[in-house]
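The values are calculated or read from the model by the stated rules, or taken from the named source; none is laboratory data. For clarity, every value in this text was computed on a predicted model and none was experimentally measured. Virtual Cβ from ideal backbone geometry, glycine too; neighbours counted across all protein chains shown. Quick note on the areas: whole protein, heavy atoms, side chains included, nothing else; ligands and nucleic acids left out. Shrake-Rupley method; radii C 1.70, N 1.55, O 1.52, S 1.80 Å.
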Amino acid sequence: MSLIVQKFGGTSVADPEKIRAAARRAIRAQKQGHRVVMVVSAMGKQTDELLRLASAVSDKPPAREMDMLLSTGEQTSVALVAMAIDDLGAKAVSLTGGQFGMKTDNSYSKARIRSIDTGRIEKHLDEGHIVVAAGFQGIDDDLNITTLGRGGSDTTAVALAAVLGADACEINTDVDGVYTTDPRLLPEARRVDVISYDEMLELASLGAGVMHSRSIEFAKKFGVPIHVRSSFSDRDGTMIVAQPESESSPVSGAALTKDEARITVLGVPDVPGISQTVFSAIAEKKVAVDMVVQNIGVEGKADVSFTVPGDELELTLSALDSIMEKIGATGLTHDADVSKVSVVGLGMASQKSVAARMFRALGDAGVNIHMITTSEIKISALVPRDQAATALRAVHEAFELHERPADAKTWAAIQADSSREADVDDVVARLQNDALEALTLTGISIVEGQARVTLDGVPDQVGVAADMFEEIGRAGIFVDMIIQGYDGVDGSTSVSFTIHDNDLDAGLKVAKSICEAHSMRDVRGAAGITKLSVSGIGLRSHTQVGTVLFEQLADAKINVEMIATSELQVNVVIDSKRGDDAKKCLQAAFADALG
Ligand code: ADP
Ligand code: ASP
Ligand code: MG
C-alpha cells in the first residue's frame, strides 16, 4: 500500500476552518488507499508570537528554554488536526517529535536530525490511523526538546518521507508552487512545473523561503521527489526532482536575502592559516558564512570580507572580537544595510557571459555592486538594501524568467521520471547509520591549467563590473570564478577572476585596456594555478567543511588565493605546485564523509 507524507505549513492550519480543510485533504488521500502521515507546523504566526513573548520576559532567553517554548506551537496544532480528523469520522493520532522518535543533536534552535525510529508511526499506520506528526522538533540524547531552525517542518516532512520510503512527499503551502522568485516580492514571477534539487537547494539557501534548505539536502540524498502545492486548491504545483526544467536556460531562478551583513577584517597578514582562524571562530557559532572574498595581498597584508545573515551579525562580531589580536588584524568594519541578490541555474556552468548579463542588468538599473562571488551554478551580488527590490526585478527581467523556456518539460514527462531515483539498496544502507543529516561529500577534485587575473583600484561605481565582463566576453574568453572584494581603505575594490591558462595573455591585454579606460590602479596576472573543489550536499550549512579545509591547507602551508562556496561545492584557488598535496590531505581529512 502506498504511503504519502503531507506537510501543512502555518498558513494552511491558521484557523479552525483551515485545520478542518487540511484534515479533509488527508482523509481523502486515505480513502484513495494511501497510508497517510501528516507533518504540521504551528498555526499561523504562532512561532513569531512565542518568540515575542520570550523576548518580553528575558533579554537573553536560554537556548534550551526557547526550544521548549517554540515546540509548543506544533504540539498545539497536531492535537487540533487530530481532533478535526476524529470529528470528520476517521482515525488519527498526534505525535510530538520525541514521541515518534525524532532524535537530534543538542544544538538548540539549529538541531540536526540523527535518527528517526519509524516503529511507532508504522504501528499506528497499520492500525488505520492517520499519523499527525509535529514538524520542526526533536529530542536529544538527554530527552531535551530541540528545534530544527525556522521553517524546519519542511525538513521533518522530507526526512520522514525518506525513512518511511514514502511514495510521495507533498508540501502544502500558501503558494501554488515554486516560482522563479518570491511572488510576494515580484508579481511577474512565474510558477515552474519542475525545478532540480541542486537549483532549489541553492535558491533556498540564498533566500527563497518557500522551502527549508535542509529539506532539499535530504531529498537529494535520499532521492525523494517533492511536490510543492497549494493547500487551498487541487491544482498540480511544482515537482522538485533531479532534473531541471530546461536544458538551455542559463538561469532558472533568482533570490534575495534582504537582511545580509558584510564584515571586513582589515590588514590580516597574508600567510596560510589566518583564514582558518577567522572562519573556525565563526563556524564554532554555527553561523553560515557566504560571499567570502580575500583581496589578493599586497605588501603581505590582505583584507578578508564575507557576509553573514543580518540577524547573526552581532554573534559573528563577538566571535571575531576574541581573535583579532591573535591574528594581528588592524581593524574590522561592517555594513548592516546590504542585501544579496543571486541568480541560480544549472545551465550557467556551460555558457559564456552569464555574469556579464547580470552585471549589465544591475548597472542599467542604477544599482551599485559592492561585492561579487560566483560558483558553478550561482552568481551573487551584494547591493545596497534600499536598491534590493530594483536589483531583483532587473535580474529577473534580464534573464526573461517570466517566460516559459521553449524546451521546458511537460508535467507528464516530469511525473514519468520523478519516481524515487536513488538506488533503494543504497538508500537503505545510508539510512542505517545514526547520522541522517551528517555531512555527505561526493568528491574532491582538482582542475589544473588555470590562470588568475586581478584588477586593483576598481572604482566602486555603477556599471563598472558590467563594462569589464562584457569586454572580456567580447574577447571570447571563458571566465570561471569571479570575486569582487571590498576595500575598506580607499573606497575602491579589487576584482579577480579565473580563466584558462591559454587565455592569460589575451585576458591580461583586455584587463589592461579596462584598467586604463576606468583609471584603475593596477593589473596583475598569475599562471599555474589550480582549482581545488570539495563537492557534496549542503556544504554551506555544514560549517565544518570550510573549517577543516582551511585547517588542512594551513597545516600543509598551502596558501589560498581565492575562495568560492556554494551548497554543492567549496572551491579554492591555490598554486598548481601544491595541487596534489592539497587533494591528498583533504581526502584523508574527509575520509569519513566521503564514505
Ligand atoms: P509555510 O508556512 O507553508 O511553510 P512559508 O511562508 O514558509 O510557508 O513559504 C511560502 C512562502 O514562500 C510564499 O508565500 C512566498 O512568499 C515565499 N517564497 C519565497 N520564495 C519563493 C519562491 N521562489 N517560490 C514560491 N514562494 C516563495
Ligand atoms: N513553526 C516553525 C516556524 O515558524 C517551523 C515551520 O513552520 O516550519 O519557523
Ligand atoms: Mg515554511
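Students often check this: by mean Cβ neighbours within 10 Å, which of 321-327, 547-553, 158-164 ranks highest, and how do the rest follow?
158-164, 547-553, 321-327
State, as an integer percentage, the relative contact order of the chain based on alpha-carbon contacts under 8 Å between residues 6 or more apart.
12
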Determine the alpha carbon to alpha carbon distance for each of K258/K378; K340/K577; K509/K583; K7/K123; K31/K409; K18/K123 and list only those over 26 Å. K340/K577; K509/K583; K31/K409; K18/K123
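Nearest 500 deg cm²/dmol is fine: what mean residue ellipticity at 222 nm does the chain get from its DSSP H runs of n ≥ 4 alone, each adding -39,500 (n - 2.57), divided by its residue count?
Details: 19 runs with 203 residues, N = 595.
Mean residue ellipticity at 222 nm (helix-derived): -10000 deg cm²/dmol.
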Nothing charged except the Cβ atoms of Lys and Arg (+1) and of Asp and Glu (-1): what's the magnitude of the dipole of the chain about its Cα centre? Round to the nearest 20 debye. 920
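Quick one: dipole size for region 33-89, taken about the Cα centre, charges +1 on Lys/Arg Cβ and -1 on Asp/Glu Cβ, in debye to the nearest 20.
Numbers: 5 positive and 8 negative charges, 26 e Å.
My answer is approximately 120 debye.
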Straight-line reach from K326: which lysines have a Cα under 20 Å away, not including same-chain ones fewer than 8 places off? K285, K301, K557
Normalised contact order of region 196-292, rounded percent, pairs of Cα under 8 Å and 6 or more residues apart: 26
In whole percent, the Cα-Cα distances of region 309-409 spread across 5 Å bins from 0 upward as 2, 11, 19, 17, 15, 12, 10, 8, 4, 2, 1, 0
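Can you tally the net charge around F100? Count Lys and Arg as +1, Asp and Glu as -1, for every other residue whose Cβ sits under 13 Å from the Cβ of F100. Kindly include the intermediate steps, with their values, before the conclusion.
Values: positive: K103, R120, K123; negative: E74, D117, E122.
Neighbour charge sum, excluding F100 itself: 0.
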Unit charges at the beta carbon, dipole of the chain: most positive-side option, F218, L164, P384: L164
Heads up, region 1-143 by the C-alpha gyration tensor (a ≥ b ≥ c square roots of eigenvalues; a/c under 1.5 rounded, else a/b over b/c prolate, else oblate) looks oblate
Could you calculate the contour length gain from W411 to E516, that is, 0.36 nm times the residue separation minus the distance between their Cα atoms, to one decimal place in nm? 32.6 nm
Distance in nm between label sites at T442 and D592, each 7 Å beyond Cα in the beta-carbon direction? 2.3
Cα pairs beyond 30 Å in the chain, in percent, come to 53
Using a 1.4 Å probe over the heavy atoms of the protein chains, calculate the carbon and sulfur portion of the accessible area of region 142-199 as a whole percent. 46
Got a sec? Charge dipole of the chain, +1 on Cβ for Lys and Arg, -1 for Asp and Glu; which of V131, V178, G44 is way out at the positive end? V131
Rounded to the nearest 5, what % of the DSSP beta bridges within the chain are antiparallel ones? 75
Let me check against my output: what whole-number percent is the relative contact order of region 131-266, with C-alpha pairs under 8 Å and at least 6 apart? 27
Checking rank on 574-580, 134-140, with mean other Cβ inside 10 Å and highest first, the result is 134-140, 574-580
Charges on Cβ only, +1 for Lys and Arg, -1 for Asp and Glu, centred on the Cα centroid of the chain; of G476, T440, G119, which one is farthest towards the dipole's positive end? G119
Using alpha carbons only, how many degrees (0 to 90, rounded to 10) separate the axis of helix 16-31 from the longest principal axis of the chain? 80
Neighbours of G44 by Cβ distance under 11 Å: Lys/Arg at +1, Asp/Glu at -1, summed charge -2
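Please report, in debye to the nearest 20, how large the charge dipole of region 127-244 is about its Cα centre when each Lys and Arg carries +1 at its beta carbon and each Asp and Glu carries -1 there. All intermediate terms of the calculation are to be shown ahead of the outcome.
Numbers: 9 positive and 18 negative charges, 49 e Å.
Computed charge dipole of region 127-244: roughly 240 debye.
Local charge sum around S445 (other residues, Cβ-Cβ under 10 Å, Lys/Arg +1, Asp/Glu -1)? The partial results should precede the final answer.
Details: positive: K531, K583; negative: none.
Once all neighbours under 10 Å are counted, the net charge is +2.
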Segments 272-282, 503-513, 371-381 sorted - mean Cβ within 10 Å per residue, highest first: 371-381, 272-282, 503-513
Using only the alpha-carbon atoms, how far is helix 274-283 inclined from the longest principal axis of the chain? Give it as 0 to 90 degrees, nearest 10. 20
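Can you work out the accessible area per residue across region 303-428, with the rest of the protein chains kept in place, probe 1.4 Å, in square angstrom?
Result: 43 Å² per residue.
I'd like the per residue volume of the convex hull spanned by the Cα atoms of region 529-579, given in cubic angstrom.
Numbers: hull volume 3.0 nm³, N = 51.
Spread over its residues, the Cα hull of region 529-579 gives 58 Å³ apiece.
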